[in-house]
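The values are calculated or read from the model by the stated rules, or taken from the named source; none is laboratory data. None of these values were measured; they are calculated from a predicted model. Neighbour counts are summed over all protein chains in view; Cβ atoms, including those assigned to glycine, are modelled from backbone coordinates with ideal geometry.
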Amino acid sequence: MAVNLPIEVLRSFVAIIETGSMLQATERVFVTQSALSLQMRRLEEIVRKPLFNRQGRRLRLTPAGEHLLVVARQILELNDRAVASLQGQALSGAVGIGMNQDFADLLLPGVLNEFVISHPEIQLQVRVGGSQELLEALKAHQLDVVVCVRPEQEPKNLKTMPMLWIGHAHLLEREVLPVALLAEPCLFRATALAMLEESGRKFRVVVETASLSAVRAAVQSGLAITLRNSLFMESGLIPPLPQESLPAVPGVGYALFTTDEPSSAAGLLASLVQASVLELA
């Protein structure tokens, strides 16, 4: 017997995740908080799995919830496209997306290129910059979607992955460790400096730049080590160091933010970006 996922319940589920709470989601889907709670209970009964880990007032998705979020966005996007098509409408307008340099190589030739080809009527605007700069632009309605790195406890994280010390192992033998870092503000920079200073390891910043490509070149050439994540290593061209040889570091989150009421085009772009990020190893 076929089991149906109700569109209105999926829309409420996505709204809760995108706004960060049931209370804020009520303003988007126009139902009461108690009705939202009943909808989520019904959704968990349909899929027969818990979707949320409730930590006080904070809601975090279980693995089943993360999978359903991707599927729900795809279902809603298809539903909205079908309705728009039947009503003689096409996705159009302008959509702005911001991303850290970490995601540029991943998203620009892949999901964003696919988006532009599939929806030629939409004007896509891309900004690459630091997380705080991008989030401020989102708040000022200069961007519609932002994907960036955040601390591992950020509620909007799609997933968390380890930070990694990266570089050539022979540099570990030096009395003063050469380090390459992005200019501040940068989460990786702040973490690297704090952990090295706390451990008492002698180091010197030999490369400080606004360009991630320059950091990559310095590390590839054996000039310095750095602290980044797996996106930085370019399919193994840059080796990770033995992590036990350097101070332990926390994880880093890959987070997705949207405006409070994203357009259909922005919602579609967000779902494509989310799917791409969740596929990362």
**Study point:** Matching residues in the stretch 100-141 - criterion: being among the aliphatic types (A, V, I, L, M) and in contact with a helix residue (DSSP H, G or I) (Cβ under 6 Å, 6 or more places away or on another chain)
**Key:** Val111, Ile122, Leu124, Val128
Exercise for review: Output yes when any residue across the stretch 44-63 is under 18 Å from the mean Cα position of the chain (by Cα) and assigned to a helix (DSSP H, G or I), and no when none is.
Suggested key: yes
Review point. Of all residues in the stretch 143-183, how many are among the charged types (D, E, K, R) and under 16 Å from Phe203 (Cβ atoms)?
Key: 3
Revision key, fill the gap. Picked from the stretch 209-224 (must be more than 25 Å from the chain's Cα centre (by Cα) and not aliphatic (A, V, I, L, M)), the residue surrounded by the most Cβ atoms within 10 Å (Cβ to Cβ) is Gln220
Review point. Which numbered condition trips up Val70, out of (1) out of contact with any helix residue (DSSP H, G or I) (no Cβ under 7 Å at 6 or more places or on another chain); (2) surrounded by 12 or more Cβ atoms within 10 Å (Cβ to Cβ); (3) within 26 Å of Val277 (Cβ to Cβ)?
Key: (1)
Review point. Restricting attention to the stretch 186-198, does a residue exist that is assigned to a strand (DSSP E or B), of a type outside the set (Ser, Thr, Tyr) and within 29 Å of Glu133 (Cα to Cα)?
Key: no
Practice item. Please enumerate the residues belonging to the stretch 150-198 that are in contact (Cβ under 8 Å) with a residue 60 or more places away in the chain, small (Gly, Ala, Ser) and crowded, with 18+ Cβ neighbours inside 10 Å. Key: Gly167
Check your understanding: How many of the residues in the stretch 148-176 are at pLDDT 90 or above and β-branched (Val, Ile, Thr)?
Key -> 2
Review point. Hey, any hits in the stretch 249-264 for a residue that's buried (at least 18 other Cβ atoms within 10 Å of the Cβ) and farther than 30 Å from Ile122 by Cα?
Key: yes
Study note, to complete from the structure: Those residues of the stretch 100-158 which are within 15 Å of the chain's Cα centre (by Cα), within 19 Å of Gln74 (Cβ to Cβ) and not in a loop (DSSP other than H, G, I, E, B) amount to Leu107, Val111, Leu112, Val145, Val147, Leu158
